[in-house]
Structures are given as structure tokens and as C-alpha cells.
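For reference, the structure discussed in these notes is given below.
The values are calculated or read from the model by the stated rules, or taken from the named source; none is laboratory data. All figures in this text were calculated on a predicted structure; none of them were measured in a lab. Positions of Cβ are generated from backbone atoms using ideal geometry, with glycine treated the same way; all protein chains shown enter the neighbour counts.
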Protein chains: 2
Amino acid sequence: MTPANEIFFDFVCPYAWRGLELAQVLRKAGEQEFKLRHFSLAQSNHEDNAGKDKPVWWLTDQPLAEAAPSDQKLPEKDEAKKRHMAFVQSSLLTFLAAEAAARQGEEASWDFSLAVFRAHHEDNKPLNEATIMEAAQTAGLNLEQFAADREDEQGLRARLRSELTEAAEIGVFGTPTFILPGGEAAYFRFENLTRDLETARQWWKLYGEVLNADAGIATIKRAKNRPAKKA
Amino acid sequence: MTPANEIFFDFVCPYAWRGLELAQVLRKAGEQEFKLRHFSLAQSNHEDNAGKDKPVWWLTDQPLAEAAPSDQKLPEKDEAKKRHMAFVQSSLLTFLAAEAAARQGEEASWDFSLAVFRAHHEDNKPLNEATIMEAAQTAGLNLEQFAADREDEQGLRARLRSELTEAAEIGVFGTPTFILPGGEAAYFRFENLTRDLETARQWWKLYGEVLNADAGIATIKRAKNRPAKKA
């Protein structure tokens, strides 16, 4: 087995979902290892962190509890703030649940993460408590253990914080970002989903070729009005 | 001969320089055709154009004449403005000269453009009248014809304007952006220079594979603190 690759991802991101599916195909076939790593788009894109070398706004410093829903229509500015806070909280809730799931082992971590991704991006379910509990069942987690591990909110936040810290040090800016055993790291955004081994192998090989080419390729990015074709 | 590729470039950009060198190797070998296209980073990155669907600030609307140099130290804000204006003017001057050189044919256009690129990025010469005239000589232009063509400033500005208009329609955002005969278009940034045919062939093939992969690859971009290695 080759040394492990790593994949930084955020549950909100459909590209990260496809990246995890690709990685799962290759690891199930025993061809590549991938370590799951957490990266927060809510944090990375937060206005307080714009232009900063190190984050000043951390997802792990935010509260979990959702504000009590209100029927009263707020001014637009406050509505936007409320929407953003709900986004932040659902993101944090999901990451902490994933950290708890990971305490049941590597396969549990993969199965839970993919179950959440599929619920959110295939079945359009929100990232909330119901989706998390359904994913825990789909992944076959020990639910009692899962509940107990989730109680250790401080420990889970600390784990997540160390993930986000390392992502910031590497300069991850989007998901999925794959890191190869040699240290090469790049955002790899693709539009199409595969769960086919031969296809996954080809896409992964192409990614490695770009990162290892003598050209020293830093970026290949489509022009805005010439998007990639969806399969 | 296959239908022509296109390459959008700006003389200020070292990545565009390497792109043009790569393209020149392949066209000299008779393997690929490339059409030279102009794209302005000064325009694309101008603050007035930020977030706009269509540019409102155009390089072709700017004056050519350089402000009389002043020994007087200006306030920092005005110094920055002056530097920016000098950048804009040298950029426009070079593009218009390149449009004039192109009137002497395709080979003249390539030879002049590469001579300017090499003077600026290999020999660290500024983009100014002296560099332009030296490049015209290096490229073996008919200098009398070149001078006459440069007199038609209005016609040259109109040509440049149509280039910048098309670049904006495609959504070019950086240089070099290569467009393949099938319409696939992407920014292709690489750190290393090659003038070797076999190497150029490999790098070009890899670019095409990324753009044509079934994955629908939209972006491969290195993490900020894991840059590509220079050869």
C-alpha cells in the first residue's frame, strides 16, 4: 500500500462530495489510501478572514445552538445575517458529528461522511440533526456510542480546530483539495460523478500527472463562459 | 494541419510569455497552429470592472502620452495613481505596437511578440518605446512600414478593442488562456520554460487531456503554500 493521500473537504460542497466518492472507489479497490480531513468554507470565505495570513474568525469559536425560529419578518440585512448564522451552525453541527463518527474507526468515518454527502447533494436534505441521525444509521454506527461521543463537544471542537489550523497552514482555499504523499496539494474541481473503478483510476492519474508534470503547472482553470461539460 | 488554437496573452505576464514560447515550438514543428490574441490584465483587474458582467473601463479608452516626469515627490496616494497610469500606458503602447507589427504578417507578429516578451521577462527591460524598437529590429520588421502603421492609432485601437471585447465575452480572466479548436478554453499557468519540442508536446497534450477529460474538470489549482516546483 502506498502512503496515504489526504482529502480536505466540506460537507456543503458538491465538488468535495464527488471527490470523496472518487477516493472511496480507489480505496475500496485497495489502490490508494486517503485520509479524511476537514476544511470549512464558511470560515475560509468569512469576510473577517479576507486578506489575512491567518484566520481570525474560526468556525470552532461559533455557538452550536440554533436561534429560536421566528415568524416575524426581519429587515433584509438581519435576514441575511440570520441565514448566514444558520449556515455556520449547520456546518459546525455536521463537522462535529463527523468527528464523533470518526471515533468509531476509519470505515465508520467514511461511511458516515458519504452518507451525509449523499443525503445532502443527491437527496437535497439539509445539514441538520435529522440528516445526521439518518446518516449515522445508514453508516451502521453504534448509535449509543455516537450519542456519547457527541456529548464531548469540547474534545470534538479541539479536533476540528486542529484540522482547520492545518488546512490554513497549507493554504487550502477550496474543496476538495487533495494532498499527494509527496506533498503536492491542489484544489481539484470536477463536474461529473463517478463510482466506476476504471474511470476513477483515469481521473486520479490525470490529477497526479498535472501536479507532477515538469511544467510546474500551478493552475488550469476554465474561462468563465466556457464551462466544462457535464456528462 | 489541424484547425487553429488561440492564445490570449498580455505582455506584462511571465506565464503568458512561457505559453507563447510553448506555442511557438509546436507551430514551428508544424504540429499545431495558434492564433495570437490580445487580453489586458490592466483592464481585467481594474477596480471599476470588478463584479461587472461587461467591462466599463477599457484600456483602449486610455491616453497614450506619458505624463511629463516630475522630480517632485507626490503624496503616496498620488504616487500609486501615477505608477498605475504608467503601467496602463506602457501596456497600451505595447499592444498597439504589436497590432502594427501584425500588419506585416503572421510570422512578423510572432517574432515581434516573442522579442518583446524576451526583452521584458528574460532581460528585464521595461515595456517602452526603446524596447519596442529593439524588438522590431530583432523581429526583422520593415521599420518604415512599422512606423507608418503605428501612425494609424485609431485603426490599431479599434483592432485591440475587438480583441478585448471577445476576450470579455469568453470570460478570459488570466493569461495565457488557450482556446482549443473544439471551443474548450482555460487559463494554463505553468512555472517552467521550455523550448524543447518533445517537452512542449507533452505539456500541451496534458493540457488537452485535462480539458477533454470525462470528469468535466473545471479547475486544478495548487494550494497557496504548496506552490509548484520550478525546474
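Annotations for the structure displayed:
- Residue under evaluation B:N192, criteria (1) among the polar types (S, T, N, Q); (2) within 26 Å of A:Q202 (Cβ to Cβ); (3) touching a strand residue (DSSP E or B) at 6+ places or on another chain (Cβ under 6 Å), criterion not met: (3)
- For region B:107-128, a tally of residues being of a type in the set (K, R) and within 19 Å of B:E6 (Cβ to Cβ) returns 0.
- Pairing residues of region A:76-88 that are touching a residue at least 40 places away in the same chain (Cβ under 8 Å) with residues that are surrounded by 11 or more Cβ atoms within 10 Å (Cβ to Cβ) and in a helix (DSSP H, G or I), at Cβ distances under 8 Å and at least 6 apart in sequence or on separate chains, gives A:F87/A:A42; A:V88/A:A42; A:V88/A:L59.
- Meets criteria (among the hydrophobic types (A, V, I, L, M, F, W, C), in contact with an Asp or Glu (Cβ under 7 Å, 6 or more places away or on another chain) and surrounded by 13 or more Cβ atoms within 10 Å (Cβ to Cβ)) for A:L127: no
- Top-ranked residue in region A:170-186 [being outside any loop (DSSP other than H, G, I, E, B), facing chain B (nearest Cβ under 7 Å) and of a type in the set (V, I, T); ranked as farthest from A:V12 (Cα to Cα)]: A:I170
- Condition check for A:R201: more than 10 Å from chain B (Cβ to nearest Cβ) and not polar (S, T, N, Q): yes
- Within region B:135-169, if we keep just the residues that are within 14 Å of another protein chain (Cβ to nearest Cβ) and free of Cβ contacts under 8 Å to residues at least 40 places away in the same chain, the residue that is nearest to B:A42 (Cα to Cα) turns out to be B:T165.
- Number of positions in region B:136-152 that are farther than 20 Å from B:F117 by Cβ and not in a helix (DSSP H, G or I): 2
- Within region A:12-65, being part of a helix (DSSP H, G or I) and in contact with a strand residue (DSSP E or B) (Cβ under 7 Å, 6 or more places away or on another chain) holds for A:Y15, A:A16, A:R18, A:G19, A:L20, A:A23, A:R27.
- A residue that is out of contact with any Lys or Arg (no Cβ under 9 Å at 6 or more places or on another chain), free of Cβ contacts under 8 Å to residues at least 24 places away in the same chain and facing another protein chain (nearest Cβ under 8 Å) occurs somewhere in region B:216-223.
- Residue match in region B:206-213 (condition: within 10 Å of chain A (Cβ to nearest Cβ), farther than 25 Å from B:A50 by Cβ and not in a helix (DSSP H, G or I)): yes
- Verdict on B:T199 being touching a residue at least 12 places away in the same chain (Cβ under 8 Å) and polar (S, T, N, Q): no
- The residues of region B:84-130 that are under 21 Å from B:G140 (Cβ atoms) and among the hydroxyl-bearing types (S, T, Y), listed by number, are B:T94, B:S109, B:S113.
- Given (1) more than 13 Å from every other protein chain (Cβ to nearest Cβ); (2) touching a residue at least 24 places away in the same chain (Cβ under 8 Å), index of the condition B:N124 fails: (2)
- Filter result (at the interface with another protein chain (Cβ under 9 Å from one of its Cβ atoms) and either surrounded by fewer than 16 Cβ atoms within 10 Å (Cβ to Cβ) or farther than 13 Å from B:A218 by Cα (or both)) within region A:187-198: A:T194
- Selection of first residues in region A:11-22 that are in contact (Cβ under 8 Å) with a residue 60 or more places away in the chain and of second residues that are among the basic types (K, R) and assigned to a helix (DSSP H, G or I), restricted to Cβ pairs under 9 Å at least 6 apart or on distinct chains, gives the following pairs, ordered by first then second residue: A:W17/A:R118; A:E21/A:R118.
- Inclusion of B:K73 among residues that are modelled with pLDDT of 95 or more and either under 20 Å from the mean Cα position of the chain (by Cα) or more than 18 Å from B:D10 (Cα to Cα) (or both) is not warranted.
- Residue satisfying condition, being under 15 Å from the mean Cα position of the chain (by Cα) and surrounded by fewer than 16 Cβ atoms within 10 Å (Cβ to Cβ), within set A:F117, A:F95, A:F87: A:F87
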